[in-house]
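Undergrad: This is the structure I have questions about; it appears just below.
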Amino acid sequence: MKNIPVIMIIFGGSGDLAHRKLYPSLFNLYEQGLIHDNFAVIGTARRPWSHEYLRGQVSDAIHETHDQVNENEVKDFASHFYYQSHDVTNVEHYETLKKLAQELDDRYSAQGNRLFYMAMAPRFFGTIATHINDQHLTGSGFNRIVVEKPFGHDLASAEELNEEITASFDENDIFRIDHYLGKEMIQNIMPMRFTNPLIKNIWSGDYIKNMQITLAERLGVEARGGYYDTSGALRDMVQNHIFQIITLLAMPEPKDLSSDSVHQAKQDLLKSLIIPTPEEVKNDFVRGQYLGSDTTFAYKKEPNVDPNSTTETFVAGKAKFTSGPLAGVPIYFRTGKEFKEKKTRIDIVLKHINNPYGQAHSNNITIEVDPESKIYITINGKKIDEPGIRREDLTYAFSKEEMAKVPDGYERLLHDVFVNDSTNFTHWSELKRYWEFIDAVENAWQKENEAGNPEITQYLPYRMGPKESNDIFESPTEHWIYE
């Protein structure tokens with residue numbers, strides 16, 4: 001691999017994300033040689049750490065995530081890390097940070113390349129971006145910024161943040177990261193669609209009845225009640241993860257696999273996304289909150305949650321497009337907390353056909369993303385010892401040995417940032433369209449709340465969310481495949 005020279009500044013270097021994901025992923029890229037001799041990482045946060053203390057934290061993070069490591073490599077890797085106590089609201093601190101970055105650039109021959117990573121609370125994103133610009137933190141080489149979700153709270157705040165960031169960085173240098181796009185089976189959607197005639201030739205409304213996306217979480221909000229009560233399932237999961245999946249499923253085939261072509265195909269699709277009216281929100285969406293049990297709190301009893309909260313911990317809804325291969329095909333989605341199990345899966349439901357075996361079911365294509373990684377096609381076959389049809393699965397799955405080689409989503413996406421490949425990141429035009437959809441739903445719900453008649457279903461924990469989620473299907477014979 002190419003040894004890329006760069007000085008990386010992580011805002012939030014003492015945080016959980018940096019410890020659990022960024023430091024182990026950077027170490028893997030170091031072992032692979034993508035970064036090695038000519039890089040340094042500056043971790044910044046309010047805490048009064050030293051360089052040595054940060055290096056100890058980096059070493060601990062690697063040992064916690066790797067079964068076996070070469071201790072000399074860990075030590076050498078950690079020696080590239082430096083700490084700068086930093087208040088992101090204090091302009092003078094950016095001057096200190098700038099001096100350290102230049103010193104390290106000279107020491108490691110980083111060629112003026114800078115990579116900025118926002119791994120802190122979203123409310124600071126705009127402040128950091130503004131001061132990177134007005135304090136001239138950018139270098140003479142490439143300058144790239146990675147922004148974690150959520151990118152804004154609604155369209156207006158997202159537009160404001162985007163303006164602040166684009167004051168310092170070109171669109172092509174902004175990497176809005178969503179770790180879901182680094183997951184193995186999400187990255188398998190395009191190869192599955194475009195390289196298999198069996199699947200490619202039926203990827204249309206002529207053969208597909210609907211698509212269903214489930215992102216189920218086993219846990220409740222736990223310690224995140226304060227944050228979650230200002231967000232909810234729609235903003236927390238649908239605006240990013242689910243819409244990323246929907247776009248990959250519904251986009252037209254790009255002319256090639258370059259980042260520009262893939263994003264052009266996505267943008268062409270999203271122009272035709274139908275923004276729901278208040279009446280469509282009422283008919284096509286269900287929101288709910290989980291109740292308590294002997295072992296769990298109800299959502300409204302969770303710490304830091306308003307006891308009169310109207311924030312949803314579950315949402316089911318529908319998206320449709322007027323163009324693209326799936327024009328007119330309903331794409332149903334649901335996500336929530338306190339489900340019976342943690343699961344991310346996609347079900348493509350094919351239409352029934354007339355056949356002499358009247359009891360034959362439709363074929364389905366299922367992509368399991370988490371916790372297993374596999375694709376299977378459910379087909380009909382003959383029963384062995386009696387008349388009739390039985391169901392069988394044709395499965396594409398990885399062995400344990402193969403799964404052990406699958407890189408973490410953050411490792412994949414950090415690699416792409418270093419090599420300047422934005423294919424698996426979100427462009428502003430796409431994000432803007434997602435927010436237009438989300439705002440339409442949120443605004444309709446807000447009007448219900450203000451009228452004193454919010455339709456929020458209460459559902460029992462450790463099941464599949466409220467039964468009312470089946471009411472969003474266009475036909476009474478349709479239902480969720482995954483039950």
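Undergrad: Of all residues in the range 354-401, count the ones that are without any contact (Cβ under 8 Å) to a residue 40 or more places away in the chain, assigned to a strand (DSSP E or B) and either of a type in the set (A, V, I, L, M, F, W, C) or farther than 23 Å from residue 211 by Cβ (or both).
TA: So the answer is 8.
Undergrad: Name the residue, out of 260, 268, that is without any contact (Cβ under 8 Å) to a residue 60 or more places away in the chain and closer than 30 Å to residue 443 by Cβ.
TA: 268
Undergrad: Which count do you get for residues in the range 323-347 that are closer than 19 Å to residue 192 by Cα and either in contact with a Leu (Cβ under 8 Å, 6 or more places away or on another chain) or not assigned by TED's automatic domain parsing to the domain that holds residue 268 (or both)?
TA: Residues flagged as closer than 19 Å to residue 192 by Cα and either in contact with a Leu (Cβ under 8 Å, 6 or more places away or on another chain) or not assigned by TED's automatic domain parsing to the domain that holds residue 268 (or both) within the range 323-347 amount to 5.
Undergrad: Considering only the range 24-80, state which residues are farther than 23 Å from residue 111 by Cα and among the β-branched types (Val, Ile, Thr).
TA: Scanning the range 24-80 gives 58, 62, 65, 69, 74.
Undergrad: Could I ask something else about it? Give me the pairs, please: first residue somewhere in the range 426-439 and part of a helix (DSSP H, G or I), second residue anywhere and surrounded by fewer than 18 Cβ atoms within 10 Å (Cβ to Cβ) and not basic (Lys, Arg), beta-carbon distance under 7 Å, and either six or more positions apart or on two chains.
TA: 428/171; 429/267; 430/267; 435/154; 436/275; 437/275; 439/154
Undergrad: Now, a different point. Does the range 314-326 contain at least one residue that is at positive phi, surrounded by 18 or more Cβ atoms within 10 Å (Cβ to Cβ) and not in a strand (DSSP E or B)? Please lay out each step first, then the result.
TA: Initially, the range 314-326 is screened for residues at positive phi, giving 324.
If we keep only those that are surrounded by 18 or more Cβ atoms within 10 Å (Cβ to Cβ) too, we end up with 324.
The next check asks that each one be not in a strand (DSSP E or B); those that pass are 324.
Yes; the residues of the range 314-326 include at least one that is at positive phi, surrounded by 18 or more Cβ atoms within 10 Å (Cβ to Cβ) and not in a strand (DSSP E or B).
Undergrad: Something else about it: Check whether at least one residue in the range 55-75 is among the basic types (Lys, Arg) and more than 22 Å from residue 405 (Cα to Cα), and report yes or no.
TA: Yes.
Undergrad: Quick one: residue 369 ticks every box in (1) among the β-branched types (Val, Ile, Thr); (2) closer than 22 Å to residue 203 by Cα; (3) out of contact with any helix residue (DSSP H, G or I) (no Cβ under 8 Å at 6 or more places or on another chain) bar one, so which box is it?
TA: (3)
Undergrad: Looking at (1) closer than 23 Å to residue 23 by Cα; (2) of a type outside the set (A, V, I, L, M); (3) buried (at least 21 other Cβ atoms within 10 Å of the Cβ), which one does residue 149 not meet, given that it meets all the others?
TA: (3)
Undergrad: Among the residues of the range 349-369 satisfying the criterion of being under 21 Å from residue 395 (Cα atoms) and among the small types (Gly, Ala, Ser), which is surrounded by the fewest Cβ atoms within 10 Å (Cβ to Cβ)?
TA: Only one residue tops the list, namely 362.
Undergrad: I want to confirm something. Restricting to the range 255-296 and keeping residues that are among the polar types (S, T, N, Q) and under 19 Å from residue 435 (Cα atoms), which single residue is nearest to the chain's Cα centre (by Cα)?
TA: Looking at the filtered set, the residue picked out is 267.
Undergrad: Here's something else I'd like to know. Between a residue in the range 450-468 that is aromatic (Phe, Trp, Tyr) and any residue that is surrounded by fewer than 20 Cβ atoms within 10 Å (Cβ to Cβ), which pairs come within a Cβ distance under 6 Å, given they are 6 or more apart or on different chains?
TA: That search, which allows pairs on different chains as well, returns 462/340.
Undergrad: Within the range 228-292, considering only helices (runs of 4 or more DSSP H) that don't extend past its boundaries, which have at least 2 residues that are assigned by TED's automatic domain parsing to the domain that holds residue 346 and under 23 Å from residue 203 (Cβ atoms)?
TA: 243-250, 259-270
Undergrad: Take the conditions among the aromatic types (Phe, Trp, Tyr) and farther than 30 Å from residue 219 by Cβ and apply them to residue 473. Does it pass?
TA: For residue 473, the condition - among the aromatic types (Phe, Trp, Tyr) and farther than 30 Å from residue 219 by Cβ - is not met.
Undergrad: In the set 395, 344, which member is farther than 19 Å from residue 250 by Cα and modelled with pLDDT of 95 or more? Give the derivation first.
TA: Numbers: 344 fails: farther than 19 Å from residue 250 by Cα.
That would be 395, the only listed residue that is farther than 19 Å from residue 250 by Cα and modelled with pLDDT of 95 or more.
Undergrad: Next question, about the same structure. Looking at residue 219, is it part of a loop (DSSP other than H, G, I, E, B), of a type outside the set (D, E, K, R), in contact (Cβ under 8 Å) with a residue 40 or more places away in the chain and assigned by TED's automatic domain parsing to the domain that holds residue 410?
TA: Answer is yes for this residue.
Undergrad: If you don't mind, there's one more thing I want to ask. Among the candidates 444, 451, 440, which residue alone is over 18 Å from the mean Cα position of the chain (by Cα), farther than 30 Å from residue 182 by Cα and modelled with pLDDT of 95 or more?
TA: When all the criteria are applied, what remains is 444.
Undergrad: Specify the residue that is surrounded by the fewest Cβ atoms within 10 Å (Cβ to Cβ); the eligible residues are those in the range 159-176 that are modelled with pLDDT under 95 and not in a helix (DSSP H, G or I).
TA: Out of the qualifying residues, it is 170.
The values are calculated or read from the model by the stated rules, or taken from the named source; none is laboratory data. Note that the structure is a prediction, hence the values are computed from the model and not measured. No Cβ is skipped: glycine too gets one built from the backbone with ideal geometry, and neighbour counts run over all protein chains shown.
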